[in-house]
Amino acid sequence: MKIAFVGKGGSGKTTLSSLFIRHLAAEGVPVVAVDADINQHLGAALGLDETEAAALPAMGEHLRLIKDHLRGANPRIASADTMIKTTPPGEGSRLLRVQEDNPVYDACARPVELDGGAVRLMVTGPFTDADLGVACYHSKTGAVELCLNHLVDGPGEYVVVDMTAGSDSFASGMFTRFDMTFLVAEPTRKGVSVYRQYKEYARDFGVALKVVGNKVQGTDDLDFLRAEAGDDLLVTVGHSDWVRAMEKGRPPRFAALEDSNRLALRTLREAADATYERRDWERYTRQMVQFHLKNAQSWGNERTGADLAAQVDPGFVLGESVTAGA
């Protein structure tokens with residue numbers, strides 16, 4: 001299952017996504033965690049110290065390797081130079097699996113030991129001095145989008161992505177790549193404004209969206225979120241001494257997390273798992289192609305000097321039964 005955590009900056013989406021990742025690891029299921037936020041905090045939230053977090057390999061720095069691997073023997077893609085962030089797979093492309101070993105994971109993923117098991121952590125990488133005033137951050141997340149476009153995941157497998165803050169997620173088609181999107185909202189007008197904006201943008205794309213109320217302190221906060229989010233409000237999370245200790249770098253065993261918050265995490269997993277039966281790989285592939293053609297026309301063809309529409313394999317539908325190219 002592919003799961004995104006979104007929300008305005010400071011809403012607690014990184015904290016919630018890290019708790020969810022810890023919950024999955026404690027359940028012993030395979031997890032790939034991806035930090036796609038401009039503020040790279042997921043590693044620290046998963047217990048890495050500053051030195052360990054800084055040493056994580058940036059996916060953006062291995063973009064050539066990622067493209068070469070995913071291109072495989074796809075005859076519609078002449079070279080890695082003609083691949084852009086939305087390039088879809090086709091016959092001959094190499095696909096990614098959650099539990100396999102491959103050159104992309106070797107270069108870009110690192111194991112993080114958590115209570116109950118380890119997860120693979122991948123990060124887009126922070127801005128560098130060379131990027132300042134020159135690069136668009138969304139070019140950094142292009143590596144994540146390419147990998148999601150070529151990812152085949154099954155039931156009981158999880159890819160959890162901590163997305164960039166606010167509505168910046170809509171700067172690419174990546175927001176359509178998930179089975180479930182959890183929007184973390186505080187009980188404030190600013191907190192729910194991102195929810196309303198996200199819901200409006202996602203309306204025509206069949207995005208499964210649920211609201212996670214965070215920093216809820218009483219019935220007034222709960223009533224506010226219910227009034228603003230209605231049936232989209234899935235669960236709420238309140239104060240956590242465990243999280244406070246984690247933020248100080250001294251987290252206790254995960255089993256010590258408050259019962260109410262453990263129940264909230266189980267609710268998130270149940271909601272994500274329930275989307276499996278509604279998977280529509282044809283729609284998923286169609287949306288992938290839709291955004292690729294849009295990017296090709298607006299900037300990709302000019303940038304690469306190629307007709308990127310020709311990369312689309314009209315007979316190809318991504319799905320669990322598809323085998324990877326050689």
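The values are calculated or read from the model by the stated rules, or taken from the named source; none is laboratory data. Note that the coordinates shown come from a computational prediction; the quantities given were computed from them, not determined experimentally. Glycine gets a Cβ as well: all are built from the backbone with ideal geometry, and neighbour counts include every protein chain shown. We work out accessible area using only protein heavy atoms, side chains counted, and drop any ligands, DNA or RNA first. Shrake-Rupley method; radii C 1.70, N 1.55, O 1.52, S 1.80 Å.
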A255 fails exactly one of (1) in contact with a strand residue (DSSP E or B) (Cβ under 8 Å, 6 or more places away or on another chain); (2) aliphatic (A, V, I, L, M); (3) open to solvent by 60 Å² or more (accessible area, probe 1.4 Å), namely (1)
Pairing a residue in the range 279-296 that is under 14 Å from D313 (Cβ atoms) with any residue that is open to solvent by 20 Å² or more (accessible area, probe 1.4 Å) and assigned to a helix (DSSP H, G or I), where Cβ atoms lie under 9 Å and the two sit 6 or more apart in sequence or on different chains, gives H292/A309; L293/A309
Expected single match for in contact with a Pro (Cβ under 8 Å, 6 or more places away or on another chain) and charged (D, E, K, R) among D221, D179 is D221
Answer with yes or no whether T267 is buried (at least 21 other Cβ atoms within 10 Å of the Cβ) and modelled with pLDDT of 90 or more.
no
The one condition S260 fails out of (1) touching a residue at least 60 places away in the same chain (Cβ under 8 Å); (2) open to solvent by 50 Å² or more (accessible area, probe 1.4 Å); (3) among the small types (G, A, S); (4) in contact with a strand residue (DSSP E or B) (Cβ under 9 Å, 6 or more places away or on another chain) is (1)
When the range 167-180 is checked residue by residue, the ones that are open to solvent by 20 Å² or more (accessible area, probe 1.4 Å) and among the small types (G, A, S) are S167, A171
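Residue by residue, here is whether (1) outside any loop (DSSP other than H, G, I, E, B); (2) surrounded by 17 or more Cβ atoms within 10 Å (Cβ to Cβ); (3) at pLDDT below 95 holds:
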position	(1), (2), (3)
D273	yes, no, no
T285	yes, yes, no
W299	yes, no, yes
R303	yes, no, yes
V317	no, no, no
S321	no, no, yes
A324	no, yes, yes
Within the range 55-75, of all residues that are at pLDDT below 95 and small (G, A, S), the one surrounded by the most Cβ atoms within 10 Å (Cβ to Cβ) is G60
Filter the range 181-201 for residues that are outside any helix (DSSP H, G or I) and open to solvent by less than 10 Å² (accessible area, probe 1.4 Å); the one that is farthest from G218 (Cα to Cα) is T181
**Request:** Restrict the check to the range 234-251 and report whether at least one residue is charged (D, E, K, R), open to solvent by 70 Å² or more (accessible area, probe 1.4 Å) and not in a helix (DSSP H, G or I).
**Result:** yes
The condition from (1) buried (at least 17 other Cβ atoms within 10 Å of the Cβ); (2) within 30 Å of Q297 (Cα to Cα); (3) touching a Ser or Thr at 6+ places or on another chain (Cβ under 9 Å) that L46 misses is numbered (2)
Might you let me know whether the range 148-157 holds any residue that is at pLDDT 95 or above and in a helix (DSSP H, G or I)? yes
Restricting attention to the range 188-204, the residues that are of a type in the set (G, A, S) and under 12 Å from L225 (Cα atoms) number exactly 2
